[in-house]
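Peer 1: Below are the structure tokens for one structure; questions will follow.
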Amino acid sequence: MKGSRFAGELRWLHKVRLYPTCTQERALLEILRTTRALYNALLQQRRDAWMTRRTSVSSKQQYAEITDLRAVEPRFAKVYRECEDATLRRLDLAMARRDHLHKVSRSLVDRYDRIVLEDLRLANMTRSAKGSVEDPGKNVKAKSGLNRELLDAGFGILATLIREKAEYAARQVIVVNPTYSSQTCAACGHVAASSREGPRFVCVRCRHEDDADVNAARVILLRAESPPTREPGDARGAQQDAA
Ligand SMILES: [Zn+2]
């Protein structure tokens, strides 16, 4: 059992290894296939209702439809009702999350003419390859794993939604190199993992102090405004300092 936190939603991650017999394995796969088909059907129903009639299908309606489906389709009746209900809850959660990301991206695009994002592909590569500047490799394990992936997936969807809406509204989206953005001082450009004190950023060189996220956001903005790989706070400078 491994404890992990994710935005206050995922508190515990239980890893359970199953050793099913062949018959059990076939049964599990069948459940998986059926619940997957159900998930897609429920999602499609909501999409169709929205596309054709601009109406939303409620979770309650779909719960009732699962009951009807079980009465006529043996394939769905064979699966535990609890599994099907869990599938419906998962869909609700996914839709709620997506709805939230739509609202966040809408609000950002409405309020700002220019939006700067960290390049997520570069961020992933950096994380998998390096630790902190001072102790390479140290943070690799802590930053890897499911939490990271879930967080990145959420950010990836948000980034896509921002791009789509920004294009439509003729807003500018700039993507910058994210390397060490959270360890870089927005005031003097010094890079040090020790400048981070949890939610606060206190520069070990110039004592500039700010909320860690606000400091990182300023660094990201500076990178968008300056030519790449020339500024003190950029990735190449950081690695040279550390070497
Ligand atoms: Zn500083």
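Where a number appears in this text, it was derived from the coordinates with a stated rule and is not lab data. From a predicted model like this one, the values you see are computed outputs, not experimental measurements. Heads up, the Cβs are rebuilt from the backbone with ideal geometry, glycines too, and the neighbour counts pull from every protein chain shown.
Peer 1: Show me, for segment 49-56, the HN-Hα J-couplings you get by feeding each phi into the Karplus relation (A = 6.51, B = -1.76, C = 1.60, θ = phi - 60°), rounded to Hz, glycine and proline as x.
Peer 2: 4, 6, 5, 8, 10, 6, 10, 10
Peer 1: Pop out the ³J(HN,Hα) list for segment 195-210 in order, Karplus 6.51 cos²θ - 1.76 cosθ + 1.60 with θ = phi - 60°, rounded to Hz; leave Gly and Pro as x.
Peer 2: Values, residue by residue: 6, 8, 10, x, x, 9, 10, 10, 5, 6, 9, 9, 6, 4, 10, 6 Hz.
Peer 1: Please compute P(r) over all alpha-carbon pairs of segment 1-103, binned at 10 Å starting from zero, and give each bin as a whole-number percent.
Peer 2: 12, 35, 32, 17, 2
Peer 1: Can you give the percent of C-alpha pairs in segment 30-72 whose distance is more than 13 Å? Each step should come with its number before you reach the end.
Peer 2: Details: 536 of 903 pairs.
Percent of Cα pairs beyond 13 Å in segment 30-72: 59.
Peer 1: Just to confirm my numbers, what's the Cα centroid distance between segment 14-37 and segment 60-121 in Å?
Peer 2: 23 Å
Peer 1: Calculate one ³J(HN,Hα) per residue across segment 62-75 by plugging θ = phi - 60° into the Karplus curve 6.51 cos²θ - 1.76 cosθ + 1.60, and present them in order as whole Hz with x for glycine and proline.
Peer 2: In residue order, the calculated couplings are 5, 4, 5, 5, 5, 4, 4, 4, 5, 6, 10, 10, x, 4 Hz.
Peer 1: Placing +1 at every Lys and Arg Cβ and -1 at every Asp and Glu Cβ, with all other atoms neutral, what dipole size does segment 1-103 have around its Cα centre, in debye to the nearest 20?
Peer 2: 440 debye
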